[in-house]
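For reference, the structure discussed in these notes is given below.
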Amino acid sequence: MIDFSAVLTANPPRPSWTDKDALDAAMALIDGTPFTMDWDGDAGEEWISLLDDTARIGMISTSRPVAVLAEDREPLAARAARLPVHSVTVPSFTSQVFVGSDTDLRAAFGSSVDVTPFSANDLWFATI
């Protein structure tokens, strides 16, 4: 299991991490691949999604330098290692591999995930 509370604690929001930094990291991850990104910054979305067709295979926080990436989608993990982000790899976005404190998730995102363990998709939907 991956303790997402520990990820949040180790990577707090940083004023120096801007939407542009998150977008630049997303572009660096998908450049030259068939993957695309989706983000509605005007709606205040927390995560920039990286997509393979319509399947989410990665997401990058706009408030803290954290990325969650599917481990089977190369070259995402290798590229992330060269970026100023803390990357967490998961077997898939539906694998329930995360645990975390309700208090920590609410403090970070204003909402929480109502199941534990939870998947990256669960995290995305609960904290978008």
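Checking Leu29 against (1) in a helix (DSSP H, G or I); (2) at pLDDT 95 or above; (3) hydrophobic (A, V, I, L, M, F, W, C); (4) farther than 18 Å from Ser92 by Cβ: exactly one of these is not met. Which one? Looking at each condition in turn, Leu29 falls short on (4).
Looking at region 88-124, which of its residues are in a helix (DSSP H, G or I), over 16 Å from Ala70 (Cβ atoms) and out of contact with any helix residue (DSSP H, G or I) (no Cβ under 9 Å at 6 or more places or on another chain)?
Step one: filter region 88-124 for residues in a helix (DSSP H, G or I), giving 102-109, 120-124.
Right, trim to over 16 Å from Ala70 (Cβ atoms) and you get 102-109.
Within region 88-124, Asp102, Arg106 qualify.
Taking the condition of being part of a loop (DSSP other than H, G, I, E, B), surrounded by fewer than 18 Cβ atoms within 10 Å (Cβ to Cβ) and within 15 Å of the chain's Cα centre (by Cα), how many residues in region 1-17 meet it? Total meeting the criteria: 2. When restricted to residues that are more than 13 Å from Ala26 (Cα to Cα) and either touching a residue at least 12 places away in the same chain (Cβ under 8 Å) or in contact with a helix residue (DSSP H, G or I) (Cβ under 9 Å, 6 or more places away or on another chain) (or both), region 57-82 contains 6.
The values are calculated or read from the model by the stated rules, or taken from the named source; none is laboratory data. Everything quoted here is computed from the prediction, not taken from an experiment. In this analysis, Cβ positions are derived from the backbone assuming ideal geometry, glycine residues included, and neighbour counts consider all displayed protein chains.
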